[in-house]
Amino acid sequence: MTGRREEPRGSQINRRSNAVSRSTTLEKYSEPNGVATPQPLGAKDHKPSNVASAIVQSTVPAWLNIVIIAAFIFGGCCSNVFALEALIQDDPNYGTLITFAQFVIIALLTFPTILSPAAGPKSLFILKPAIPLKSWAIYTAFFMSVNLLNNAAFIFKISVPLHIIVRSGGPVASMVVGYLYNSRRYTPMQVISVAILSAGVIAAAIADASAKGKSLDLGLAASEGSSMFMTLAGFTILGLAMALAAFQGVYADWLYQKYGRDNWREGLFYSHALSIPFLLPSYPQLYPQLKFLLASPSVSSVIKASSATALTSQSPSQFLAPVLPFLDLLANHPSTQPILSMVPIKISYLLLNGLTQYLCIRGVYLLSAKTSSLTVVIVLNIRKLVSLILSVYLFGNVLTFGVLAGAILVFLGGGIYAYEGARLRRQQSKEKNT
């Protein structure tokens, strides 16, 4: 006798069974698609209640994750487009201010992710970054340049729908950069998909220019030549932004391969926080823009005006008719009326744009962590299509037949490109396993 009390055999079996159940549940959580499919738990003596419990524990959180991700991406990204167009509808020169506000808001919201009591007071409780700050500074230079260029395109009369369509041509730049700098080779299907995508971008650009009365003939009058120059400058800026975004992706892949892909949270903070000082030299430009936004009517007055015009005016307010009673209640409630009567409507749009941008980015990162890249690209293309429709529907932007045809080609090419990439990854995975 050793003094050690033996457990009943049934108790040992139950303990092993529970361990298997917990292990299987964890494996389900880590499935690429984020949806746990009930599978045998490996022990024949499991009670039905244990099986049902495992199914509930693994399935309910997965569906909740899907709902949250969909809400972030479609709610956040599409609301972001609404707030963006509400800001630039009167004046398209707010690009720098919008970028500055987005970076400040996202940096503040993600700052807690780099804090930890374990870091100690000497470091102000800030965790040491897993990736060196020098590397994040280089990544930030790409990131900030892409954002500034994308927002600067609005100054050159690039409409929001066309902006969405052209930015959907990112795989073109990624393919060129990958071929030239990463020695990547592409299948005929990938090349065809990029050709379709490029044709869609060109068709949308030409159709948009024609709809605005801009001739592509070189023998233009002075005013027409100036207008055409603005359009070409806008497309050049968007093209440069796509190229820099492709280099940013290559550099990010290198960072994550070297330091691990679990560091995206600190990347989200540092890429925005380190960008803010670079925007400070534009303060003389930011202050007049902010002053103009502060002079806009209050939220309360706009709600009251919208209540009277929502059913007759061709403006975004007519589509808010279902929620106007609720907004009226907020505008007249004693606790919210003083706040809404002081906050300018344009400032509320600016804050909404920054908050929805944060939700949008969070949703994309969550989706990337839970699903395959094919699902990510398909969902984002659908999101862009929804944003495009909302931009046309809510703000009355004209989408001519040529622009619509170009949009269809862009989304078709992007879908084929994503599908082919997923097929190649599955093929490579099978070859490794054999």
In terms of modelled amide H atoms, which long-range or inter-chain residues lie less than 5 Å from the amide H of SER298?
-> ILE345
Going by C-beta contacts inside 10 Å, put SER183, SER145, SER300 in order with the fewest on the left.
-> SER183, SER145, SER300
Calculate, in nm to one decimal, what PHE229 and ASN332 gain on full extension: separation in residues at 0.36 nm each, minus their alpha carbon distance.
-> 32.2 nm
Mean Cβ-within-10 Å packing, highest first, puts peptides 342-353, 418-429, 97-108, 277-288 in the order 97-108, 342-353, 418-429, 277-288
Order by protection proxy (mean Cβ within 10 Å, highest first), peptides 85-92, 403-410 = 403-410, 85-92
So the FRET efficiency between VAL386 and LEU127, C-beta based with R0 = 25 Å and rounded to 0.05, is 0.10
Of LYS304/LYS346; LYS346/LYS384; LYS304/LYS384; LYS134/LYS258, which sit over 21 Å apart, Cα to Cα?
-> LYS346/LYS384; LYS304/LYS384
Extension reserve of the ALA118-ILE138 stretch, reckoned as 0.36 nm per residue once the Cα distance is removed = 4.4 nm
Burial ranking of peptide ranges 229-240, 112-123, 325-336 (average Cβ count within 10 Å, highest at the top) = 229-240, 325-336, 112-123
For ARG185, ARG167, ARG383, what ranking results if the residue with the fewest other Cβ atoms within 10 Å of its Cβ goes first?
-> ARG185, ARG167, ARG383
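None of the figures in this text is laboratory data; all of them are computed from the coordinates on show. Since the structure is predicted, the reported quantities are computational estimates derived from the model, not experimental observations. As a convention, Cβ positions derive from the backbone with ideal geometry for all residues, glycine included, and neighbour counts pool all protein chains shown.
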